[in-house]
Structures are given as C-alpha cells and as structure tokens.
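One structure below.
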Amino acid sequence: MTLLSTSAQAVRPPRPRRRRPRGRYGLTGWGFAGPFVAVFALVFLAPIGYAAYLSLFRDRMIGGRSFVGMDNYQQALTDPQFWEGLERVGLFLAVQVPIMLGIALLVALAIDSGRLYGRSFFRVAVFLPYAVPAVVASLMWGFIYGTQFGLVGNINDTFGLSLPDPLSPSLVLASIGNIVTWEFVGYNMLIFYSALRVVPRSLYEAAAIDGAGEWRIISAVKLPAIRGALVIATIFSVIGSFQLFNEPSILQKLAPNTITNDFTPNLYTYSLSFAGQQHNYAATVAIVMGVITAIIAYAVQLRGMRKG
C-alpha cells in the first residue's frame, strides 16, 4: 500500500498556482504614478497639444480665425528670418559648447586629481556663478561690456585706449558665449566631478602599476569611465544653445541695432507672439524649433553612446 500510494502521488499532476488578482496591484501602481502623470500631462503635454492646435489656424483681419492646415509650417520652413536665427545659434553651439565643456572637464579633472590645494574652495567658487540668475548675469555682464558707462568704457577713458565694443555686430555672439560659459561651467563641472568620484580607485592603481602616467590614466581610464556624463552634459548644452533667449533679450536694450528681434529663434518667436500678435505663426515656429532640437539632441545621444 505504501508503494502504491507513493506511486500515485508521483504521477498526480501538480496543482495549478492560484493567480493573484492584478486589479488591486494595478490600482496601487496608478496611485503612486497618477499624480506625476497628471502633472506631466497638465504642464507638458497639454501646452504642446495646444500649440499644435494653434499652428493649424491663422487669424485674419477679415473673417477671424480660419483653418489653414500646414500653411504655417510651409511659411516657417521658407522664412529667412527663422533660418538666419537658427544658423546663428548653430554657430554658437559649434563654438561655445566645446569650449565650455572643455573648461568644465579640465576643472573637474584638476579637482579630482587630489593635487589641487583648496579643492573644496575651488569647487564652490567655480559652481557659484550657476547660482546667479541668467537675467542678473546678463545685466551684470552688459554693464561690464558698455563702452559709454561700463568697464570697457572706463578702461578706454582711463588709459586712453580704444578697446573694441563687445556688443558690436562682429563680437556680440562671442560676448553672449562668454556669459553663457561663465554661467554654466560650474554646472557641467559638477556633473563631471560627480561621475569621476564613483570611478573605482583600483582602476587608477592598476594603471599606475602598469606604468601609465597621469595623462594616460586620464585618456584610458577616466574619460571612458565618465562617457555617459559627457554625453548627458553635451545633450543639455545642445538643448540650452537652441533655447538661447535670456542673454540676447537683456542685451538687446543695450545694443538694439545689433541684437534684432530675430537674433535667435526663441527671441523671434517671442517677438512674433507678444509684439506682433501672431500667436498662430509663433506656435508654428516654436514647434518646428522643438522638433529640430529633439532630432539633433537624439543624434548626439546616438553618436555619444556608440561604442568604438
């Protein structure tokens, strides 16, 4: 009997597992994610949807608002003012971003090396300009750049010099780049430094034992280890360059003949909406600019994450 019962138990099919009801757990997950989804939809998706809706219409002096389909987009893609501003910020991106990230990386490597005396002070000092609001920084640098009342003008008067005007048409873009670099070097330095701090020190010791010098350790160990941080900082900088608005908007009061209303795409969109009352076309330009920014940022991400 014992053998037969044992054999019967051996061939008895296993009992199916009782599935837990998923409804209660799904509701629990939505209870945690729901507030974020609601806020995200309200402050991000809804404005984009409304802007897309506005871009399909046009306000006419006779007849009011009418549906025009893709006509606004066709106008934006052939608008020379928009493309001149886009070309200007593209040049700004190509020159300013590598300089800013290069300085931030050098400072982060110097602080992480442990050979810099007072590195805590330098870390705070370099990061401090990021705490200054962009409007305040632009006003401060604008007064420094002034040739009639600012530092440049005082130097010219005191020493009898004739320094070039930083807000002249040939130098204004470089002057804006200097302001942005001063503002965001500390921010990017902190990203790089934080990434360097989590790199295992055993990698540095192993490289030193193999005879690698300091520059070899930087190129073969540190930079590959913080590649993700470099990509993130580059993407943030690309997006920030295409969003250039505060600095030229503030400096426009000091150099109205140099910084026009279409100096950057964002400044052009602002002037269309609030000065020209062309809300529909302004929404179209903003959407086109957002799509271009997203495409370029995604391309940078793909290129940065590619191995080899």
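Since every read-out is calculated from the coordinates, none of them should be taken as a lab result. Bear in mind the structure is a predicted one, so any value in this text is a computation, not a measurement. Cβ placement follows ideal geometry from the backbone for every residue including glycine, while neighbour counts extend to all protein chains displayed.
What the table below lists for this structure:
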{"item": "Every residue from the stretch 99-133 that is free of Cβ contacts under 8 Å to residues at least 24 places away in the same chain and among the hydrophobic types (A, V, I, L, M, F, W, C)", "result": "LEU106, ALA110, LEU116, PHE121, PHE122, VAL124, ALA125, ALA131"}
{"item": "Of residues in the stretch 75-121 being of a type in the set (S, T, N, Q) and not in a helix (DSSP H, G or I), the one surrounded by the most Cβ atoms within 10 Å (Cβ to Cβ)", "result": "SER113"}
